[in-house]
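Values quoted throughout were computed directly from the atomic coordinates according to the rules given, and no laboratory measurement underlies them. None of the values given here were measured: they were computed from a predicted structure. Neighbour counts run over all protein chains shown; Cβ positions are idealised from the backbone, glycine included.
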Amino acid sequence: MSDTLLERILEANSKFVRPGAFPPLPKNPQKQFAIFTCMDTRLVDFLEPAMGISRGDAKVIKNAGNTVIDPNGGVIRSLVAAVFMLGVEEIFVIGHRDCGMADVDIDSLRGRMTARGIEESAIDALVPELGQWIGAFSCPEENVSRVVGIIRDSPLIPRDVPVHGLIFCPNDGHLEVICNGYE
């Protein structure tokens, strides 16, 4: 019996890997779109089937709360790579109901960080301040609209790439359109 999480994962992987069982897929998404969504575990193996897509269909970018803090940072960089290097023609920003980033208690977060040995000076050095840096927001729909606007306004994303905004329900899989990128 394995003791550590790493050992259990490697054991599961050895049972999963079967030579020739998984045909190679191209790097480019088969359906030419990218999804930018939250890292919430409730979306794993749920969001993609709810959208009618499977392995190899779309590029998927995730972070806490599907937020964009730096308009030239990692999310935009990934989308630029997806559009110009991998043939992505549309972008879907997908937030979700009951997102943990919608109710972040910044004082509690700061306390948990310092309790684990993070120096106050490191927290105070974050730009912008901790709440904005972590990507806290109060309304998932407003966050999706804001992120769609940031992506749409980026001088690095072509104007002919539709940027859609949706909200996903992690309980039943329902999608609701917040921003229709074709309009």
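The criterion of being surrounded by 12 or more Cβ atoms within 10 Å (Cβ to Cβ), within 22 Å of ARG77 (Cα to Cα) and among the basic types (Lys, Arg) holds for LYS31. State all residues of the range 117-171 that are part of a loop (DSSP other than H, G, I, E, B), buried (at least 16 other Cβ atoms within 10 Å of the Cβ) and among the aliphatic types (A, V, I, L, M); if no residue qualifies, say none. Once the filter is applied, which keeps residues that are part of a loop (DSSP other than H, G, I, E, B), buried (at least 16 other Cβ atoms within 10 Å of the Cβ) and among the aliphatic types (A, V, I, L, M), the range 117-171 yields ALA136, ILE157, VAL161. Of all the numbered requirements in (1) without any contact (Cβ under 8 Å) to a residue 24 or more places away in the chain; (2) touching a Phe, Trp or Tyr at 6+ places or on another chain (Cβ under 7 Å), PHE84 misses one, and that requirement is (2). Residues that are touching a residue at least 24 places away in the same chain (Cβ under 8 Å) and touching a Pro at 6+ places or on another chain (Cβ under 7 Å) occur at least once in the range 34-41. Within the range 96-113, is there a residue that is farther than 26 Å from GLN32 by Cα, among the hydroxyl-bearing types (Ser, Thr, Tyr) and surrounded by fewer than 19 Cβ atoms within 10 Å (Cβ to Cβ)? Looking for residues that are farther than 26 Å from GLN32 by Cα, among the hydroxyl-bearing types (Ser, Thr, Tyr) and surrounded by fewer than 19 Cβ atoms within 10 Å (Cβ to Cβ), one finds at least one in the range 96-113, hence yes.
Counting only helices (runs of 4 or more DSSP H) wholly contained in the range 47-115, the ones carrying 1 or more residues that are polar (S, T, N, Q) and farther than 17 Å from GLY149 by Cα occupy 106-115. For the residues ASN180, ASN171, ASN143, the requirement of being of a type outside the set (A, V, I, L, M), free of Cβ contacts under 8 Å to residues at least 24 places away in the same chain and within 23 Å of ALA58 (Cα to Cα) singles out ASN180. When the range 2-58 is filtered for residues that are farther than 27 Å from GLU90 by Cβ and touching a Lys or Arg at 6+ places or on another chain (Cβ under 9 Å), only SER2 remains.
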